[in-house]
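Worksheet: one structure, shown below.
The values are calculated or read from the model by the stated rules, or taken from the named source; none is laboratory data. Predicted model only: the values in this text are computed from it and were never measured. Here the Cβ positions follow ideal geometry from the backbone for every residue, glycine too, while neighbour counts run over all protein chains shown.
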Amino acid sequence: MSFVDGILRIQLEDTTNLPKMPPPDTTISQTTLGSIKVQDTGSRKGFGSFCLSPLPQDEFLGFYEGKVIISLDGLPNTEYIMSLDGGVTFLDGFQRARDRTIFSPVHLNHEDKGSPGCNCLRILDDNRVAFFTARPIEMGEELCFDYGGSYWQGREETKI
């Protein structure tokens, strides 16, 4: 349990085996970038990110990119939103998501944690959100992570 910036955080999971947060200037490798294609999923998810070649576990997929938004009213109503502090500061990745020619973590779709399709994870530190593969990824798999329960509050009927 920690208390930072007026927000109580409770860590429920063991984090000893998680990848380490990379330095801020770290970029996704060209090999990894060339192994991921953004394309239409053929479902109501819209566009998603798919592996063109296998990726190993703990592969760095990049930082979430977006405009910083401060909202005292809670989660802004936009699809490409990522909370940085549990409810006041957010990254809005809408503009970055519009460019589907090159992969970014803003292109990752949702899968519930614990389901086989939830194959990516995010790590938050110092107002940055880094994404990694949570297990080895096979060619053709869609890359997805769990958006978290807060994202779906008030959007339950649209959950994908």
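Within the stretch 113-128, the set of residues being within 14 Å of Met21 (Cα to Cα) and surrounded by fewer than 14 Cβ atoms within 10 Å (Cβ to Cβ) comprises Asp125, Asp126, Asn127.
Residues of the stretch 73-106 that are closer than 25 Å to Leu33 by Cα and of a type in the set (A, V, I, L, M): Ile81, Met82, Leu84, Leu91, Ala97, Ile102, Val106. Looking at Phe131, Phe94, Phe103, just one residue is surrounded by fewer than 18 Cβ atoms within 10 Å (Cβ to Cβ) and within 19 Å of Phe47 (Cα to Cα), and that residue is Phe94. Restrict the check to the stretch 46-63 and report whether at least one residue is under 22 Å from Glu138 (Cα atoms), part of a loop (DSSP other than H, G, I, E, B), small (Gly, Ala, Ser) and modelled with pLDDT under 95. Yes, the stretch 46-63 contains at least one residue that is under 22 Å from Glu138 (Cα atoms), part of a loop (DSSP other than H, G, I, E, B), small (Gly, Ala, Ser) and modelled with pLDDT under 95.
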